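Data block below; observations after.
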């Protein structure tokens, strides 16, 4: 079973994403900010990260850059999910190392499709 870490400072958003991905057959864990996510990734890397941008302690851009800078954990794909919708925000996330950028609110089928594609799972 593919493991996904959902990283968002809003508990309701984490729960929403977790429910969507659990229903799609993923094992989902949560982190409330980039720092907590990075610490979890160092202990046991995930197959995919779903990451918000605006968070306390460590934002999503910094988390993705740190993830990509660590050769032991940098191979897992990252989907950034944010309310920021300007082209510069998307470009900054991709430059940091994100594979996809989804603007909130996320559509369940869209999240399932991208997560399945990036982890090599069949999308139903």
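In the set 10, 24, only one residue is within 15 Å of residue 119 (Cβ to Cβ), in contact (Cβ under 8 Å) with a residue 40 or more places away in the chain and out of contact with any strand residue (DSSP E or B) (no Cβ under 8 Å at 6 or more places or on another chain); that residue is 24. The set of residues from the range 92-120 being within 15 Å of residue 48 (Cα to Cα), out of contact with any strand residue (DSSP E or B) (no Cβ under 8 Å at 6 or more places or on another chain) and surrounded by fewer than 19 Cβ atoms within 10 Å (Cβ to Cβ) comprises 113, 117, 120. Residue 2 fulfils the conditions (1) within 11 Å of the chain's Cα centre (by Cα); (2) buried (at least 18 other Cβ atoms within 10 Å of the Cβ); (3) under 26 Å from residue 122 (Cα atoms) except for a single criterion, (1). All told, residue 16 meets the bar of being out of contact with any strand residue (DSSP E or B) (no Cβ under 7 Å at 6 or more places or on another chain), on the phi < 0 side of the Ramachandran plot and either buried (at least 18 other Cβ atoms within 10 Å of the Cβ) or touching a residue at least 60 places away in the same chain (Cβ under 8 Å) (or both).
Yes or no, residue by residue, for (1) modelled with pLDDT of 95 or more; (2) surrounded by fewer than 20 Cβ atoms within 10 Å (Cβ to Cβ); (3) over 12 Å from the mean Cα position of the chain (by Cα); (4) in a helix (DSSP H, G or I):
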site: 22; (1), (2), (3), (4): yes, yes, yes, yes
site: 29; (1), (2), (3), (4): yes, yes, no, no
site: 42; (1), (2), (3), (4): yes, yes, yes, yes
site: 49; (1), (2), (3), (4): yes, no, no, no
site: 62; (1), (2), (3), (4): yes, yes, yes, yes
site: 68; (1), (2), (3), (4): yes, yes, yes, yes
site: 72; (1), (2), (3), (4): no, yes, yes, no
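Cβ-Cβ distances below 6 Å connect the following pairs, each with a first residue in the range 39-65 that is at positive phi and without any contact (Cβ under 8 Å) to a residue 60 or more places away in the chain, a second residue that is assigned to a loop (DSSP other than H, G, I, E, B) and surrounded by fewer than 24 Cβ atoms within 10 Å (Cβ to Cβ), and a separation of six or more residues or different chains: 57/33.
If the condition is being assigned to a strand (DSSP E or B) and touching a helix residue (DSSP H, G or I) at 6+ places or on another chain (Cβ under 8 Å), then the range 1-20 contributes 4, 5, 6, 7. Surrounded by fewer than 22 Cβ atoms within 10 Å (Cβ to Cβ) and touching a helix residue (DSSP H, G or I) at 6+ places or on another chain (Cβ under 7 Å), is that true of residue 84? The answer is no for residue 84. For the range 74-108, the tally of residues that are under 17 Å from residue 20 (Cβ atoms), without any contact (Cβ under 8 Å) to a residue 24 or more places away in the chain and in a loop (DSSP other than H, G, I, E, B) stands at 2.
The values are calculated or read from the model by the stated rules, or taken from the named source; none is laboratory data. For clarity, every value in this text was computed on a predicted model and none was experimentally measured. Using ideal geometry, Cβ is built from the backbone for each residue, glycine included, and neighbour counts are taken over all protein chains shown.
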